[in-house]
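What follows is a single structure, written as structure tokens, with notes after it.
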């Protein structure tokens, strides 16, 4: 199983919407996908999907439910592990809580791809998710503050591990603008932090995406013919093409790295 962490330096760049729609595109390509809400302060994947969770990660941490028991189908071909707003940072979990999470992994398998939607910024929990995942996709927009903050999360990750990072440029006016942004961030990453940053796609600015958010329905479902939906599908295919899934490590490997066990 592969783990994809979708993150950003700045909030409001469309990261959560992209996580959902990329997950749907990957699921439609024949993979079994699990979405995990990694925003430990303001969990909202379920909100954008119009789902009210009965159980969340908080119940797993407290030892009241296993991960398998809190997984919910979304109705869009992929499953969801809902987060809990206000849950303690994973870095602060005690030994009992850590063991509760690890124990809950037993018997949970069968997924090809785990997509983690992190919170924004460079807090400890965001970095833990990024470092535990197989691949990290950094989302940015053309706004100067978004670019600055995207570089911030890139530096923070590479300072701890020299892992290849991927870039997804959202809300751009054209493919040319996306290329300029990608070239700029790739150049400074290579020059100043000596890391690898690969642009895997872009999504054009589209008012239909905002309408889908307000409707609490995925953009790929409501507007499958939109150019922005096609760009999302193309990005999803780049993320999975030519990859052989590895089931040996699975969720256990990811969570053990995440929790430092």
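Points to keep in mind about this one:
- Pairwise centroid distance, computed over Cα atoms, of segment 181-247 with segment 2-17, Å: 10 Å
- Degrees separating the helix 175-188 axis from the principal Cα axis of the chain, which is the longest one: 70 degrees
- Paramagnetic reach from residue 241 (point 7 Å along Cα→Cβ, amide N under 15 Å) across segment 1-35: 26, 29
- Percent RCO, i.e. relative contact order, over segment 24-88, from Cα pairs under 8 Å lying at least 6 residues apart: 47 percent
- Compared with the dominant Cα axis of the chain, that is its longest principal axis, helix 15-28 is turned about 80°.
- Segment 112-133 and segment 19-82: distance between their alpha carbon centers, rounded to Å: 14 Å
- Difference of contour (0.36 nm per residue) and Cα-Cα distance, residue 191 to residue 44: 49.3 nm
- Within the chain, percent of DSSP bridges classed antiparallel, to nearest 5: 5 percent
- Distance (nanometres) between label positions extended 7 Å along Cα→Cβ at residue 159 and residue 32: 4.0 nm
- Against the chain, whose longest principal axis comes from its Cα atoms, helix 227-240 is set at around 60 degrees.
- Virtual spin-label span in nm between residue 180 and residue 64, 7 Å along Cα→Cβ: 5.2 nm
- Max mean-square fluctuation residue, GNM over the chain, Cα-Cα springs under 10 Å, options 192, 129, 55: 192
- At the listed q of 0.10 Å⁻¹, the Debye profile of segment 140-261, built from one uniform point per Cα, gives log10 I(q)/I(0) equal to -0.41.
No lab work stands behind these numbers, since they all come straight from the coordinates. All values reported here derive from a predicted model rather than from experimental measurement. As a convention, Cβ positions derive from the backbone with ideal geometry for all residues, glycine included, and neighbour counts pool all protein chains shown.
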